[in-house]
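Structure first, commentary second.
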Amino acid sequence: MAEESFLSDDFVSQLTAVGEVDILVGLPTLNNRDTVQRVVNAIIVGLVKYYPRERCALINPDGGSKDGTTEAVQAASIPDFRAVLASNPLRTMHVVSAQYPGVRGQNEALRMLFAAADLLGAKACALFSPDLESLTPEWLDAMVRPVLKDGHDFVAPVYQRRRFDGLLVKNVLHPLIRAAYGYQVEEPVGREAAFSGRLAAYFLGDESRREDFPGLGAHVWMTTAAMAGGFRVCQAFLGPRVAASKRSALDLNTTIQEIGGSLFRCMEIQQAYWTSRQGCEQVPTFGFQPVLDLDPLRIDRRRMYQMFRTGVDQLESVLEKILSPATLQAIGEISKAEERHFRFPDDLWAKTIYEFASSYHHSAINRDHLLQALTPLYRGRVSSFILENAGAEAEEVERKLDLLRQDYERLKPYLVEAWNRQT
Amino acid sequence: MSTTSAPPSTAVTPPYPAADPLWYKDAVIYELHPRAFNDSNGDGIGDFPGLLQKLDYVQDLGVTAVWLLPFYPSPLKDGGYDISDYTGINPSYGTLNDFRELLEQAHRRNLRVITELVINHTSDQHPWFQEARSSRDNPRRNWYVWSDTDDRYRGVRIIFKDTELSNWSWDPISKSYYWHRFFGHQPDLNFDNPEVREEMWKVMQFWAEMGVDGFRVDAVPYLVEREGTSCENLPETHEVVKFLRRRLDEKYPTRFLLAEANQWPADVRPYFGDGDEFHMAFHFPLMPRMFMAVKLEDRKPIIDILQQTPDIPENCQWGIFLRNHDELTLEMVSDEERDYMYDMYALDSGARLNLGIRRRLAPLMENDRRRLELMNGMLMSLPGSPVLYYGDEIGMGDNIFLGDRNGVRTPMQWSGGWNAGFSVADPERLYLPLLSNPVYGYQTVNVEAQRRSDHSLLSWMKRLIRVRKSSRAFSRGRIEFLQPRNHRVFAYIRETGNERVLVVNNLSRAAQAVELDLRTFEGYIPVEMFGGNPFPRIGRLPYLLTLGPYHFYWFRLRRL
Amino acid sequence: MNELVVRNLREALTAVSQIVAQALPRVLAMVIIIAVGWLIAWIVEVILRRLLLLARFNRLFESKGVTRALSLAALPSPSEMISRIVFWIVWVSFIMAGVNALGVVALQREVADFVSLLPQFVVAVLIIFIGVLAANFFSRAALLAAVNANSPSPRLVSGFVRFLILLVAIAMALERIGLGYGVVLVAFGFLFGAIMIGLAIAFGLGGRHIARRILERRFAAGNRDRREEKDDEGSHL
C-alpha cells in the first residue's frame, strides 16, 4: 500500500528550513487568539533561558482558526530579550504554523507534530495548550528536561490541584490506569505532555494512532500507548493549571464519553499488554512540589447524589445488561441509603468500573449508551467521596485515595477475568 | 637617539602607478612578523633579508599588502609593543637599509607595506622615559603622565587584570606615580603635550618618507586621560587622531591609518570621524561571531552584529579577520556567548588566555578542510578588507604550551626539511620551537608540499583571493542580506555599480536545501565564480539551491 | 332403527378409523419432518456460526463499519445475524414441507397462498424486527439522555419513544401484507410526528446548555442554584 502524504507542501518547506532540531514544542490551536501570544512568548523564553544552545522550534498546527490565531502566533515576539533574561538568544527561533484539516479532537494536530518530530530528528518534544494562563517558562524546562537529560520517553504532568478538583482523574483514570497498566501516573490525561523523538516516531508508526479519539482522548491514547509500548515513563511537577477556556465545564457526560470511552478503547487495543502486566511501578517525579493546600472546589454534592438515585432507579433495565447481578444489587442497596449515611464503597466502585470496562469490550450494549449509563453512577461516587472527605485535610484525602487505588489493584484479576470472559 | 632625526634622504618613492587613494578598500592584507617568517643569517630569528627572499611567495599568494608586526628596538617584554626607539630597527631583524630594500622590492611587486605605530606608550627603557623620570623638572617630564598620588582617574578599568593591580606605578627615582594602561613597563605618553604630538608626527613622517604605505595604530582609545571619565574614546583622543590624519593627508595623500580599537561597532564608528580620522578600523565583534555561527549552524550571530554595525563614511573601510597574532578575543561577546565559545572551541582550558582563545584557525576548525574553506570564503566575501594571518593559508597549527600567545607565533613552515626551511640554525636556537605534531607539524603542513598540489589549501587560498579580487563588489559593494527560511544558510548580495555577487554559505555540517527570494534579480543568470559555469536563470519563483556540508557558492549575477 | 344407528355408527367409526388410519402416518410424518427440520436447521446454524467465526467474518465487516452500525442499532454481530436467519429459513421450509405432507387440500391451498404471500410476509416481519430494535435503541437513548439531563420521569419519555416507533413499525408491516390501505397514510402521519418529537427532544437535550446560558443571561446572574450547578460540572478532569 502506498503511503499517503499528509503534510502540506508549505509545511514541509517550512520544516526543511527548520532542519534538524533538538527540542520541538507543539502548540495545537483552534481560535485561541486572545491567549496564544502569551503562551508562545512563555515557551520561547523558556527555550532561550533553559536551552540556549539547543536547536529549538515551535510547531503550531492550527485546526482552521477564523480569528487570526496563526497570525497572532507568528506575530508573537519578545521585543527585548535582555530585559527578560539579561542575555540574547544565540540562535534563530523558528515558529512554524500550518493548517490541518478537520476539527475533531487533536488527532490530526498530534499526527503533524509526530511527523515533524520524526522528520526533524527531534530529541525531545513538548506539547502545550494554547489557552494556558498559568504557563511559565519553567514549565517548558520541567517537561523537557527529563527527556533530554535523563533519557525518559514520556513525561506526564503533575498539577497542583484544588481539593475536589479532577475527581474523574482521581476516582477513575488514575487508579484504573495504575491497576491495569502498572504505572503510577497521577495525571494520565494531562493537557501537557513531553515525549522523546523515539516515542514520537513510534506514535507516528503505530496503527492505533489512526483511531479517531474524540476530544482529549488522544492524550489518553498517548499515555497508555507509551506505557504499553514499554517506554520510560515519568512525570514532572508543573504547578497550578489555569486555563482560559473551561472546556471541562461543558458537560460531564461528554467528558466521560470522550475520556472514559477512549480509555476503554485503548484498553481494548492494548489488552495483550495490560492483561499480562503484573504489579505496579512508581515512576520518578521531577520538580519541586511546594506544600500548598488550595481552597477546595465547590461542588453541589446534593444534586449529584440525587441524580445518582434517579439514575439507579430509572436505568435498571440498562444497568442489568452492563453490571453483574451482585454489583447491581449492591448499588441498588446503597442508593436506598439516607443521604447523610450514603457511601459508595471503594471496592464496589472499582468493580463497577471494571464491569463497565469489560462490558464495553464485549459490546454488551451500544458503547455510547454504556458510557452514558456510567455518568449517574459516577455522580454517586463523587457525591460519596465529597461527603466522606468534607472536612479532611489534603493528606487525609490522599490517604483515602490510596486505599481506593489499592482496591483497584487488588481487584485487577476480577477485571481480567471479566474482560476475557466468553459471551 | 633621543629625538627623531631628519628623514633619511634616500627615500623610496612608491614605484606603482599613482595609486588609487582608496587602494586600501580593495586590499587583501597579509599579517606577519619578520621574526617568524624567514631567517637569512642562521641566528634562529627571522629577519628582513629573509622576508625579502620570500616576497615572491607573498606576491604569488595574491595578497596586496603586508602588515608587519613591530620590528623596532625593544626589550621585547610585550611582543615588541614596548618600543625603545621609534625610528630604529631591532638588530635581530636587520638594518634600516634592509628595511628600505624590503620596501622597494615590495613596491616593485605591487605590495603595500603597513607598519605598526605604537603611540599610546613607550617602553620604560625608552630614552624619553629615562629622561622624564630622571628629575621632576626635566624638559621631557611632562611627555608622560605623572601624579603624586595614585588616586587620580579612579574607576578606570585595568586591561591586563591578570598582571596589573593599578594603572599607576610608583617610580622610585622621581618618587611619583606614572600612568600606564597596559603593563607597568609601558608608561603612557602624554598627548595633552603638543610636543608629544609633534614628535609622533615626526615618527610617522620618518617612515612615510621611507615609503611605508600605512600605519596600524595601536591602542587608540587610550591616548588621552581626563578626570571623571573612563579615559577611553575621549573627544581629545579624536583630536589627536584628526591632527595626525590632517598632517598625513597634507604630505602623503595615499597613505592610510588603521585603528586597533577593540570596541563595539557603534563605539568604533567615531574613529572614522567624517572621513577625517582613520581610514580603516578592525571589526572586532564580527570575528568571534563567525566562529559562533559555524558552530551553532545558525546565521543569526553574524547578521545581528552586521545589522548593529553603523554605516561608515564613503572613504572608510572595515578591516576584518579570522585570526591574528593575539588570542581570539572574546571581549565583545555576552557572557553566554563567551561560555559557548569556550565550550565549543577551548574545552582544554590551556587554550584560554585572558578573555580569549589562543589558537590558530586550523586547530579551531579541527583541521576540517571544508570548514576552513567556508570560514575563509566568508572572510573574503563579507564587507571589509580581509586580513590573513601568516601560516593560516597553509593551515598551520599552534602550540598552546609555549606560554602567552607564542603558540600562534611559531616559525613559518616552508618545507619538510631542516627547521622547516625557516632557518639553518640549530633547532634549539630558534626563537620558538617549530611545531612537530604529526597532524600540524612542518613535516606534514608546509608550503613546499602544498605548492605541488593544485588541490592543497594553499592553492585553494590563492584561487580564493584571485576570485575575490576579480570583483569590486566584494571590496566596495554594499551588503544586503537574504533571509531564506533556512537559518543554516547565510546568503547575501554584494553590489556596487553594475557588479552584483550572490554569496550563499551553508553553515551546517550537513547538506542543506534553500529557497532564495531573488525576485529583484529576475532574468539574471548566476555564474559560479570559481568554475565559471552558468546556473539556471533566475525566475519569479524562489530560487532553489542545494549545498553540501559547509559548502558555499559565489555567483556573479549577470544580465545576458 | 337401532340397527341403522349401529350401522351408521359403525360406518362412521370405520370412516373415522379409516381417516385416522389414513391421516395418522401423515401427521406423524409432518411432526417428524418438522422435528428433523429443527434439528437440521440447528445443526446448520451451529456449523455456519463456527465457520463464520473461523473465517473471521465479523472482521470483514468491521472495517466497513457494518458491525459498528449494527451495534449502534443494538443488533448482534453480522455472523450471529446470518446464522440465525439461515436457521429460520431452513426450519420454516421444513415446516412447510411437513404441512404439505398432511395432504389436506384446504391446507395445501393455504400453504400455497402462504408461500405466495411469503415474500411480503418476510418483509413485514423484517419491518417489525427492525422496528423493535429501533424502538429499543432509541428508547434507551432517550432514557439515558433524560436521566443525565436530570429531566423528570425519564422512563415515561423512553416509553413514549418506544411506543411511537413500534406503532409506526406495526402500521408499516400491516400495510406490507395488504391489510388496510389507509394505514399507510396514518403511518406516515405517525412517522412524521415521531420524527418531529425526536428532533425536538434531541434539540432540547443537545442544546440545553445553550438554552441555559441564554436563560442565565436573561435572568439575574445571582441565582445561587444555577451557579452551584455550574460548579458541579467543572471539576472532573
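For (1) within 23 Å of B:ILE302 (Cα to Cα); (2) among the charged types (D, E, K, R); (3) out of contact with any helix residue (DSSP H, G or I) (no Cβ under 9 Å at 6 or more places or on another chain), each residue gets a yes or a no:
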position: A:VAL12; (1), (2), (3): no, no, no
position: A:ASN31; (1), (2), (3): no, no, no
position: A:ASP34; (1), (2), (3): no, yes, no
position: A:ILE43; (1), (2), (3): no, no, no
position: A:LEU47; (1), (2), (3): yes, no, no
position: A:ALA83; (1), (2), (3): yes, no, yes
position: A:THR92; (1), (2), (3): yes, no, no
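Could you run through the range B:291-314 and say how many residues are more than 13 Å from chain A (Cβ to nearest Cβ) and free of Cβ contacts under 8 Å to residues at least 60 places away in the same chain? Step through it out loud before you land on a result.
Step one: filter the range B:291-314 for residues more than 13 Å from chain A (Cβ to nearest Cβ), giving B:306, B:309-314.
Now drop any that are not free of Cβ contacts under 8 Å to residues at least 60 places away in the same chain, which leaves B:309-314.
Counting residues in the range B:291-314 that are more than 13 Å from chain A (Cβ to nearest Cβ) and free of Cβ contacts under 8 Å to residues at least 60 places away in the same chain gives 6.
Would you confirm, using the coordinates I've provided, whether A:HIS152 is within 13 Å of chain C (Cβ to nearest Cβ) and either crowded, with 24+ Cβ neighbours inside 10 Å or in contact (Cβ under 8 Å) with a residue 60 or more places away in the chain (or both)?
no
Condition check ((1) at pLDDT below 85; (2) in contact with a Gly (Cβ under 6 Å, 6 or more places away or on another chain); (3) in a helix (DSSP H, G or I); (4) exposed (fewer than 15 other Cβ atoms within 10 Å of the Cβ)) across all residues:
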{"position": "C:LEU24", "(1), (2), (3), (4)": "yes, no, yes, yes"}
{"position": "C:ALA35", "(1), (2), (3), (4)": "no, no, yes, yes"}
{"position": "C:LEU48", "(1), (2), (3), (4)": "no, no, yes, no"}
{"position": "C:LEU70", "(1), (2), (3), (4)": "yes, no, yes, no"}
{"position": "C:GLY98", "(1), (2), (3), (4)": "yes, no, yes, no"}
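Hey, among the residues in the range B:320-367 that are under 17 Å from B:ILE305 (Cα atoms) and of a type in the set (Asp, Glu), which one's surrounded by the most Cβ atoms within 10 Å (Cβ to Cβ)?
B:GLU337
For the range B:332-344, indicate whether the set of residues that are more than 14 Å from chain A (Cβ to nearest Cβ) and touching a helix residue (DSSP H, G or I) at 6+ places or on another chain (Cβ under 9 Å) is non-empty.
no
Tell me the residue from B:PHE243, B:PHE183 that is surrounded by 14 or more Cβ atoms within 10 Å (Cβ to Cβ), under 28 Å from B:LEU330 (Cα atoms) and among the aromatic types (Phe, Trp, Tyr), please.
B:PHE183
I need the full set of residues from the range A:155-168 which are of a type in the set (A, V, I, L, M) and either modelled with pLDDT under 90 or within 20 Å of A:ALA390 (Cβ to Cβ) (or both), in order please.
The answer is A:LEU167, A:LEU168.
So if I check each of C:GLN108, C:GLN120, which one is of a type in the set (S, T, N, Q), touching a residue at least 24 places away in the same chain (Cβ under 8 Å) and either part of a helix (DSSP H, G or I) or out of contact with any Leu (no Cβ under 6 Å at 6 or more places or on another chain) (or both)?
C:GLN120
Need at least 1 residues that are hydroxyl-bearing (Ser, Thr, Tyr) per element, so show me which helices (runs of 4 or more DSSP H) inside the range B:311-404 make the cut, counting only ones lying wholly within it.
B:335-345, B:369-381
Please give the number of the condition A:VAL189 fails out of (1) within 14 Å of chain C (Cβ to nearest Cβ); (2) more than 15 Å from the chain's Cα centre (by Cα).
(2)
Which condition from (1) buried (at least 20 other Cβ atoms within 10 Å of the Cβ); (2) over 23 Å from C:LEU237 (Cβ atoms); (3) hydroxyl-bearing (Ser, Thr, Tyr) is the one that A:SER383 breaks?
So the condition that A:SER383 fails would be (2).
Checking the conditions here, which among A:GLU316, A:GLU268 is closer than 25 Å to A:LEU411 by Cα, at the interface with chain C (Cβ under 10 Å from one of its Cβ atoms) and of a type outside the set (Phe, Trp, Tyr)?
A:GLU316
Testing A:ILE365 on (1) part of a helix (DSSP H, G or I); (2) more than 20 Å from A:LYS170 (Cβ to Cβ); (3) of a type outside the set (S, T, N, Q), one condition comes back false. Which one is that?
A:ILE365 satisfies all of (1) part of a helix (DSSP H, G or I); (2) more than 20 Å from A:LYS170 (Cβ to Cβ); (3) of a type outside the set (S, T, N, Q) except (1).
Inspect all residues belonging to the range A:271-287 and state whether any of them is in contact (Cβ under 8 Å) with a residue 60 or more places away in the chain, charged (D, E, K, R) and touching a Lys or Arg at 6+ places or on another chain (Cβ under 7 Å).
Within the range A:271-287, none of the residues are in contact (Cβ under 8 Å) with a residue 60 or more places away in the chain, charged (D, E, K, R) and touching a Lys or Arg at 6+ places or on another chain (Cβ under 7 Å).
Name the one entry in B:SER453, B:SER470, B:SER475 that is crowded, with 17+ Cβ neighbours inside 10 Å and modelled with pLDDT under 95.
Result of the check over B:SER453, B:SER470, B:SER475: B:SER475.
Does A:ARG381 count as charged (D, E, K, R) and within 14 Å of chain C (Cβ to nearest Cβ)? If you could, list the steps in order and put the result at the bottom.
Working: charged (D, E, K, R): yes; within 14 Å of chain C (Cβ to nearest Cβ): yes.
Yes: the conditions hold for A:ARG381.
B:MET529 passes all but one of (1) surrounded by 14 or more Cβ atoms within 10 Å (Cβ to Cβ); (2) at negative phi; (3) away from chain A (no Cβ under 14 Å); (4) in contact with an Asp or Glu (Cβ under 9 Å, 6 or more places away or on another chain); which number fails?
(4)
Residues A:PHE213, A:PHE203: which one is among the hydrophobic types (A, V, I, L, M, F, W, C), in contact with a Lys or Arg (Cβ under 8 Å, 6 or more places away or on another chain) and farther than 28 Å from A:GLU133 by Cα?
A:PHE203
The values are calculated or read from the model by the stated rules, or taken from the named source; none is laboratory data. This structure is a prediction, so every number in the text was calculated from the model and none was measured. Note: ideal-geometry Cβ built from the backbone for every residue, glycine included; neighbour counts use all protein chains shown.
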